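These notes are about the structure you will find just below.
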Amino acid sequence: MEMLALIPEEFTREIRAIEINLAKALRMSGEDARALSVFEKLLIAESSTEIRRNLLINIALCLQSLKNDKAILVAKEVMAMAPKSGDALQAKSIVLEMQDDHSSEEKLLQLERQSRRDGHNTVANNLTLNRITTHTDPSAVSTLRTVYESAKKANDLYNANRAATKIARFSCLLNGRIEQEDLKRLITAYHYFYGERFGSLFTNSHKALWDYFETVNEVHNQLVLFRHSSFVWRLNGHEDKEQNYLAALESKKNEVLLLGERIDKNVLYFLNRSEYQGNRLEHQSKKLGE
């Protein structure tokens, strides 16, 4: 945000567009409080009805993620502005998801079908991805494939990769394996979330890959995955996220050391992290004993 102050004032429209995209990126990466602050600031100065509606739906999504009941009021404002728009459908889903109503589940399913029927596929895909949270649903994987194809066709990489991650994860849980094409898509999703720094989605794709490599006993691929994921977590101050995976690798240390000529930078990274964490815990233990 500080860099925007360097842009001359005559580029007001361009600055506003950058700020909107920045706020959306913050929201999609899980930084809802920061995104909300930017959206609310932009809303005060915006006169265009269409842009205001776009800002309001994003504000409602932020508030929903923050579990703030004000999301319902903002969503209803969006619905009143353009009742037949895709934003209105998204807003209606926010209201239904936040209301403690036993009929909401069926209403959301009806809304999902309506959105897809009316050509609002991004809204429909969001609803599907939010609805399908477990592999026990017999139609889960096939439904997610519909989402993947729809999102891919629309060049909606965000939802396509969300769907690809769930497809691979559920397939592994159901069958203990992942089809080769689904594995390629999962790896693509991991790289996408790695590059875009979508925190929880990156962690989800990491877990899906990790569990698959565990199932097929590909220790070296786990080491490669650990090095890349650990780097991102440490870069963002989330070293705690590597702990369980570090412990899992430490339980296989003998197997790792038997890799022979395959001992490379991935193995050395793991050994260095293991030693560092061991020394840190020892230091903390000594301080507690003083």
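The values are calculated or read from the model by the stated rules, or taken from the named source; none is laboratory data. On a predicted model such as this, the values are computed, not experimentally measured, just so you know. We place every Cβ from the backbone using ideal geometry, glycine too, and count neighbours over all the protein chains shown. Heads up: the accessible areas ignore ligands, DNA and RNA and are worked out on the full protein's heavy atoms, side chains in. Shrake-Rupley method; radii C 1.70, N 1.55, O 1.52, S 1.80 Å.
On the beta carbon distance between residue 188 and residue 275, with R0 = 45 Å, the FRET formula returns roughly 0.85. From its DSSP helices (H runs of at least four residues, each -39,500 (n - 2.57)), the chain gives a residue-normalised ellipticity at 222 nm of -24500 deg cm²/dmol.
Using per-residue counts of other Cβ atoms within 10 Å, averaged over each peptide, order 123-132, 83-92 from highest down. Spell out each step's value before the answer.
Working: 123-132: 21.4, 83-92: 19.1.
Listed from highest to lowest mean packing, they are 123-132, 83-92.
Placing a label point 7 Å from the Cα of residue 80 along the Cα-to-Cβ direction, the residues of segment 23-55 whose backbone N falls under 15 Å of that point are 53. Our note on the geometry: Cα centres of segment 131-187 and segment 36-55, 34 Å apart.
Surface composition of segment 110-241: carbon plus sulfur atoms contribute 48% of the solvent-accessible area (1.4 Å probe, protein chains only, all chains present). Protection proxy ranking, highest mean first, for peptides 231-239, 24-32: 24-32, 231-239, where packing is the per-residue count of other beta-carbon atoms within 10 Å, averaged. Taking the Cα centre of the chain as reference, the dipole from Cβ charges on Lys and Arg (+1) and Asp and Glu (-1) amounts to some 320 debye.
Quote the relative contact order of the chain in percent (integer), defining contacts as alpha-carbon pairs under 8 Å separated by 6+ residues. Show your work: numbers first, answer last.
On the way: 268 pairs, mean separation 25.3, N = 290.
Across the chain, relative contact order equals 9 percent.
Annotation: residue 165 carries an accessible surface of approximately 10 Å², with a 1.4 Å probe and no ligand, DNA or RNA atoms counted. Computed over protein heavy atoms with a 1.4 Å probe, the carbon and sulfur contribution to the accessible area of segment 54-96 reaches 56%. Computed over segment 70-195, relative contact order equals 15 percent, with contacts defined as Cα pairs under 8 Å that lie 6+ residues apart. Which entry is the computed volume of the Cα convex hull per residue in Å³ for this structure: [x] 123; [y] 135; [z] 197? It is the one labelled [z].
Which value, in Å², gives the accessible area per residue of the chain when a 1.4 Å probe is used on the protein heavy atoms? List each step's numbers first, then the result.
Values: 16450 Å² over 290 residues.
Value for the chain: 57 Å² per residue.
Find how much the distance from residue 243 to residue 118 grows on full extension, using 0.36 nm per residue of separation minus their present alpha carbon separation; answer in nm with one decimal. List each step's numbers first, then the result.
Numbers: separation 125, 0.36 × 125 = 45.00 nm, distance 4.60 nm.
Fully extending the segment from residue 243 to residue 118 adds 40.4 nm.
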